[in-house]
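Some notes on the structure that comes next.
Read-outs: derived from the displayed coordinates by stated rules, not from any lab. Predicted model, so just to flag it, every value in this text is computed and none were measured. Every residue, glycine as well, gets a Cβ built from its backbone with ideal geometry; the counts of neighbours run over all protein chains shown.
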Amino acid sequence: MTGGTPARPRPRQVEIAFWLTIAAALIGVGGILISFASYPINRAATLEALETSNPNNLTAADVDEFLRMLLSVSVTVGVALIAAAVVCGIFVRRGAPWARIALTILAGLSFFGVFSPWGTGFLQFLCLGIAALLTWQSDAGEWFRRTIRARPV
């Protein structure tokens, strides 16, 4: 038992949790690509809505500026969450106990994206939620506790 390698092989729940976390990250990449692809549709719909009701006298330039800002914020948050999911997945697979706590927090945070268009947020929440639950099952919990004891102090 050198280098923090656990005595028992990794439980199946941990392996499934890893792949679900990677799947959630890939779904996030898809969501970002959909955001870029839907930009022209969102712009056209917003400009059309402004033709019927525009109490603030917004111009097309105002709409473009707002939509670009919205897109940049959503891409930035999306990339950060994708990176966090990949890091959590890798460290869960290695047996780091903090990673399953972080994965659980990430799954909770992903709930805020459930109502995103195209269903990508819901799929991410589902994958991360199931992955987090799997890491807290008894076999996985025992394995994580063993990895703590196997680490040199």
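With the contact rule set at Cα under 8 Å and sequence spacing of 6 or more, what percent relative contact order holds for region 1-90? Write down the numbers at each step before the final one.
Values: 39 pairs, mean separation 48.0, N = 90.
So the answer I get is 53 percent.
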So, with points 7 Å from each Cα along the Cβ direction, the GLU65-ARG149 label distance in nm works out to 6.3
Most exposed first, judged by fewest Cβ atoms within 10 angstrom, SER38, SER72 run SER72, SER38
Hits for the chain under the membrane-span-like helix rule (DSSP H, Cα axial span at least 15 Å, Kyte-Doolittle mean at least 0.0) are 12-37, 60-94, 97-110, 120-135
Calculate, for ILE101 and GLU51, the FRET efficiency according to 1/(1 + (r/R0)^6) with r their C-beta to C-beta distance and R0 41 Å; round to the nearest 0.05.
0.25
Which value at 222 nm does the chain reach when only helices count, each DSSP H run of 4 or more adding -39,500 (n - 2.57), with the total divided by all residues and rounded to the nearest 500 deg cm²/dmol?
-26500 deg cm²/dmol
SER74, SER53, SER116 arranged by Cβ crowding within 10 Å, fewest neighbours leading:
SER53, SER74, SER116
Calculated FRET value between TYR39 and ALA80, using beta carbons and R₀ = 25 Å, to 0.05:
0.80
